[in-house]
Each structure stands twice: as C-alpha cells, then as structure tokens.
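Everything on this sheet refers to the single structure shown next.
The values are calculated or read from the model by the stated rules, or taken from the named source; none is laboratory data. On a predicted model such as this, the values are computed, not experimentally measured, just so you know. As a convention, Cβ positions derive from the backbone with ideal geometry for all residues, glycine included, and neighbour counts pool all protein chains shown.
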Amino acid sequence: MSHELTSPGLIPLHGGYRKLKSFQVAQLAYDVTVRFCDRYINPGSRTHDQMVQAARSGVQNIAEGSQASGTSRKMELKLTNVARASLEELRLDYEDFLRQRGLAQWPPEHPALMRFKAKRCATLEEVKSWVEQERRGQTPTDTDQQRRGKTEKKSVPAPMKVRERPIVPRSAELVANAALSLLNLACYLLDRQVAAQAAAFEKDGGFTERLYRVRSQQRR
C-alpha cells in the first residue's frame, strides 16, 4: 500500500459509529422494536416485517455511512439520509399502531414520558424495567384516569359491552410511546448529522478533491 493511500490527508479518520449518539439511540429503538413486534404485532403480518426492517435499516445505514465517509462524503450523506427516512417510516408505524387501537400518543410533557426521559435508558433491559415500574400503577397515566372515569359512568355489565377494538395490554401503549420518544431523538440527531455532513462536503469536497490536493502537494 502506498504512502498516499494511508496519508491522513487522503483518507481521513472514519468509522467510529458506535460512539455516535444517533447510532446508540437508533440501536436501542431497534432492540425495542424487535421485542415490541414479537409481543404485539402478528408475526406473520407484513407490518411486523416492515417495522423490524425499518428499525434495522436505520442502524445499518448509520454504520455504513460512517464507514463510507473515508472515501466518499457523498455516500456518507446519502446513507445517513436513508437511515433518517427509515426511522421516519418506523415512527409512522408506531403512530398508526396507537391510533388504530384507540390508544393515546403522549405529548412530550406527559408525566410517564418525562419519567422515561429522565431514566436515560441505554439498554433494552432498562426500558423493560421502566415499563414494569409504570405497570405497577404507582402513578397512573392521564389516559388511565380518563378510561376509569368513562367506565364508572356506564351501568352496563362488563359481559354485555361491545368492544369495537381488540383489547391491548397497557404495556403496549407504554412501549409504543417510549419507542416514539427514542425515534424522535434519533431523528433529531440525524437531522443535525446530515446538516453537518452537507456543510463539510460543501467546504472540503469529497475523495476526488482530496486526491487532487495530495497529488499537488507531492509534486511540489
């Protein structure tokens, strides 16, 4: 291998994606999504596969973009955009899950969501721990209080009630909103990452420009 190919000016430092906050958050969202789909989505459905693949695509394209940056800033920018689009698709799937089942999509200031953010979960086990704490009902959500209020007003015996939607465990609402919180953060980080990559590309160019500069220096 020639000196030029190993020169820092030609091949800049690249990779290191595991240290990127966007990668870490997207990877956690991927782990949460795999578990969520296995528990709450029909394993044989197209939605199950699409959600898992979208989550995986987000993680993989962040990693591939980081690795490709050594020789192609254009490819890095493209792959990071693909990761952002995949996570946006996944975010819509979670929103659809909640809406179609009559479950609440929590606003950022929701008490349970604030507790989730404060926990700063870094692993699937930590997310599961938060879900269990919320399920114990120590601090019921606003949605639960509203449901109980509606139930108390009804005098119809439970067996006679007609349910228009399937019964969904409360944990599904908890996990879906936690996943949305992670995806919101990941998308925000990727938006900043894309902007920084675009600015770097405009300023320094890509591999061809670096190659020209290195050769010019060698001739001089």
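Observations on the structure shown:
- Scanning the stretch 94-127 for residues that are under 23 Å from Gln24 (Cα atoms), among the charged types (D, E, K, R) and surrounded by 11 or more Cβ atoms within 10 Å (Cβ to Cβ) yields a count of 5.
- Residue check, Arg91 farther than 14 Å from Ala178 by Cβ, under 18 Å from the mean Cα position of the chain (by Cα), in a helix (DSSP H, G or I) and at pLDDT 95 or above: no
- Within the stretch 68-84, considering residues that are of a type in the set (Gly, Ala, Ser) and not in a loop (DSSP other than H, G, I, E, B), the one surrounded by the fewest Cβ atoms within 10 Å (Cβ to Cβ): Ala68
- Among the residues making up the stretch 172-220, those that are of a type in the set (Ser, Thr, Tyr) and at pLDDT 95 or above are Ser181, Tyr188.
- Screening Gly58 against (1) crowded, with 19+ Cβ neighbours inside 10 Å; (2) small (Gly, Ala, Ser); (3) without any contact (Cβ under 8 Å) to a residue 40 or more places away in the chain leaves a single unmet condition, (3).
- Any chance Ser86 is over 18 Å from Thr33 (Cβ atoms) and hydroxyl-bearing (Ser, Thr, Tyr): no
- Among the residues making up the stretch 17-55, those that are assigned to a loop (DSSP other than H, G, I, E, B) and either surrounded by fewer than 17 Cβ atoms within 10 Å (Cβ to Cβ) or touching a Lys or Arg at 6+ places or on another chain (Cβ under 8 Å) (or both) are Asn42, Pro43, Gly44, Ser45.
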